[in-house]
Amino acid sequence: MELQSLIYLFVGVSFALYIGIAIWSRAGTTKEFYIAGGGVHPIVNGMATGADWMSAASFISLAGIVSLKGSDGGAYLMGWTGGYVLLAMLLAPYLRKFGKFTVPDFVGDRYYSDFARTVAVICVIFISFTYVAGQMRGVGIVFSRFLQVDVNMGIYIGMGIVFIYAVLGGMKGVTYTQVAQYCVMIFAFTVPAIFLSLQVTETFLPQIGFGGTIPFQFDDGIRMIDSGTYLLHALDTSMTDLGFSMYTESHAGTWNVFMLTTALMLGTAGLPHVIVRFFTTPTVKGARISAGWALVFIAILYTQIPAVASFARINLIKNLQNVDYAKFVDGQIAGNDGHWFKNWESSGLIGWNDRNGDGKIQFASGKAFEGGKGKPKFAEGNGASGERMTSNPMPSHTASAEDMRANGKIINEIYIDRDIIVLANPEIAGLPNWVIAIIAAGGLAAALSTAAGLLLVISTSISHDLLGNVLMKDPKTGKSTLSEKAELLSARAAAVVAILVAGYLGIHPPGFVAQVVAFAFGLAAASFFPVIILGIFYKRMNKEGAIAGMLSGLIFTFSYIIYFVFMGGDKADYLWGIAPTGIGTIGMFLHFIVAIVVSKFTPPPPQEIQDLVENIRIPRGAGTATH
Amino acid sequence: MNKEAAEAYWKENISLILKLLVIWFVVSYGCGIIFIDELNAITFGGFKLGFWFAQQGAIYVFLVLIFVYAKKMEALEEKYDIHE
């Protein structure tokens, strides 16, 4: 079958499956809507957590980041998995025993303060929306490239699908849809990875393959790399030849990698849409085991990512170096069909600038385009070999003398957006059409599953925490005046509004989507992680300490990121040289210190709160969650 | 359950968590970040050891840690008769 029909078929079937599940698992009560009734089996819950957690960023972008950064990409791999150890030991079991619906529930009840609850709600909404915007961009990329529909149309379709199963099904619908989405996603990632592993190292398992040897020889532009060389060794050699830094050596500096890893780990453990998944298991024991299963399902993907990253990098060098552009993109080079290059060039995510005018592509370190951070700004018309013209300032055909020396006289001529690595990989490697088609379905599954989980957290925060527990609270009884039915209705209404806002962010993406992800993790690490840990492990922690801690962690992290990312703060002014992506770690320490100091000087929490803390430490008696 | 038993259970839990978190720290921060260059001097197959820990090994150890914790806590809860 033709590639385009296969893509429509795979995406269509997977969408039909999600809608079918949504209709079968409609939510009838708030409990089903918020926490799927609290009776989800740990393995099923682990799988759903995996899908919830692995977003478009994990599926589409992460291999590209690792491919680009080499060894330093380990910060993301360890950061985004190591947080689950903290979740399993320090958070999940106790929050499950606490037995309510949301993270603001815990903060508000444990610190006996509606102010603390409101701060928590604002954090939840802010963190979740920044995250959703990124997912919508992922949906847009997949649609525009693979389904050849307008990006906006793609987002409308995506919104429609999420609308059906999140609004109808609530947590229950989302959980079971996520299980299906996990299966689609993991199949879509693993199949091409195995193909690539067989092709590049003749080994079945990618995890082992990237430690293997290459069965082919190739010319990196400077020298011939022999077959039988270890893949990683071949990469180190050719990357050094081309002026890049060694693939397997760390360059970012121990300190910054340390800070980034910590912010990602603690951020993972503090993200509300991840935490809430552990409210859905039937027991405390189930919550612990479920964190383990979640990591199993995540690790299946995450251990393949660095392998795919290295395969992609070597294929780029092997297939692009010194090929004739016109013949390449026309498919005239045997065993190296370059139609993918042209397709992505049309999407604006690849650019070629024939700086030395030889009609051949050269790949090395350095910027191929002047100005605009090295990105091509495409203009009308085509160049001598048929490539797209750009309006970047014309660089001289020769690079600077320094560049020339560094790259062995090869001048870089291409720009490749790192987000296309996973999506383009099967095409670069010339894999069969159906393998390319499932990648499209997988990318959509990854983006939609995370978007749905986030939208649900947003709607729950608004209907349950804000409306139910703050705004509509009966001042005498301290209970919500909303009836079960009204709360369910408002949860659905809030979900609709959240989807519309997310769609708006997708269609009019704020130019800084990539940067705001640092926000989500930094703020989660600086706000929720410490406040929950202290609430469980430090009985003496009181409302004054918690509020002071949350505010200082938040304000510090928030201002640091705003100043250095959006207001053009100078790198030289970084606090102890820490980049904004890692600053959440300092925010977290600040939060702990301020909270503990303030609590020492203020009265201890009331007896019933201390009893509550004793109670959540003991597993027995964890009934299902209650209002 | 009485107060002493609850405290003893909590103490054992904390000491188990601390032990496992030491391992967690050593494999990720230790092997994958702080001593990565030193470990990279050791190779097996095509892998440098530090690189392997940062991109593979740490994740496998994380998995083992969670399941060990879950298993040990089950035993601990049986011991203090507070299992569900």
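Coordinate-derived values only; no laboratory data. These numbers come from a predicted model, not from an experiment. Using ideal geometry, Cβ is built from the backbone for each residue, glycine included, and neighbour counts are taken over all protein chains shown.
Here are some notes:
- ³J(HN,Hα), Karplus 6.51/-1.76/1.60, whole Hz, each residue of the stretch A:434-441, x for Gly, Pro: 5, 5, 5, 5, 6, 4, 4, 4
- Taking the square roots of 5 times each eigenvalue of the Cα gyration tensor of the stretch B:26-84, largest first, gives ellipsoid semi-axes of 35, 10, 7 Å.
- Evaluated at q = 0.11 Å⁻¹, a Debye calculation over the C-alpha positions of the protein assembly as shown (equal weights, vacuum) places log10 I(q)/I(0) at -1.16.
- Net charge of neighbours whose Cβ lies under 15 Å from the Cβ of A:Asp324, counting Lys and Arg as +1 and Asp and Glu as -1: -4
- Sites A:His339 and A:Trp576, calculated FRET efficiency, Cβ-Cβ separation with R0 60 Å, nearest 0.05: 0.80
- Taking the longest Cα principal axis of chain A as reference, the axis of helix A:543-561 is set at about 20 degrees.
- Estimated from the Cβ-Cβ distance and a Förster radius of 41 angstrom, the FRET efficiency linking A:Val501 and A:Ser245 is about 0.50.
- Within the stretch A:313-327: backbone nitrogen closer than 20 Å to the A:Asn382 label point (7 Å, Cα to C-beta): A:323-327
- D (Stokes-Einstein, µm²/s), Kirkwood Cα radius, the stretch A:326-374, 1.002 mPa s at 20 °C: 178 µm²/s
- Farthest positive-ward along the protein assembly as shown dipole, Cα basis, beta-carbon charges - from A:Thr262, A:Leu423, A:Met472: A:Met472
- Sparsely packed chymotrypsin sites (Phe, Trp or Tyr not before Pro) within the stretch A:576-608, loop by DSSP, other Cβ within 10 Å at most 16: A:Phe601
- Against the compact-protein benchmark of 2.2 N^0.38 Å, the Cα-based radius of gyration of the stretch A:538-627 scales to 1.48.
- Principal-axis tilt of helix B:58-79 within chain B, Cα atoms, nearest 10 degrees: 10 degrees
- Local electrostatic count, A:Gln217, Cβ distance below 12 Å [Lys/Arg +1, Asp/Glu -1]: -1
- Label point distance in nm, A:Glu370-A:Ala326, each placed 7 Å from Cα along Cα→Cβ: 2.6 nm
- The stretch A:455-474-the stretch A:286-310 distance, computed between alpha-carbon centres (Å): 32 Å
- Under Karplus coefficients 6.51, -1.76 and 1.60, residue-wise ³J(HN,Hα) of the stretch A:568-584 in Hz, glycine/proline x: x, x, 7, 3, 4, 8, 3, 5, 6, x, 8, 6, x, 5, x, 6, x
- The angle between the Cα long axis of helix A:151-162 and the main principal axis of chain A comes to about 40°, on a 0 to 90 degree scale.
- Other-chain or far-sequence residues with amide H under 5 Å of A:Phe218's (modelled H): A:Ile225
- Overall, the stretch B:3-79 carries a charge dipole of about 80 debye about its Cα centre when +1 sits on the Cβ of Lys and Arg and -1 on the Cβ of Asp and Glu, all other atoms neutral.
- Using a simple spin-label model with pseudo-atoms 7 Å out from Cα toward Cβ, A:Ile555 and A:Met224 lie 6.8 nm apart.
- Cross-link pairs A:Lys377/A:Lys571; B:Lys19/B:Lys48; A:Lys97/B:Lys71 - those with Cα-Cα distance over 21 Å: A:Lys377/A:Lys571; B:Lys19/B:Lys48
- Label-to-label distance, nm, for residues given as A:Lys600 and B:Lys19 (7 Å Cα→Cβ offset): 3.2 nm
- Full extension of the chain between A:Tyr563 and A:Lys485 yields a length gain of 23.6 nm, computed as 0.36 nm times the residue separation minus the alpha carbon distance.
- For the protein assembly as shown, a simple Cβ point-charge model (Lys and Arg +1, Asp and Glu -1, everything else neutral) yields a dipole of about 1640 debye relative to the Cα centre.
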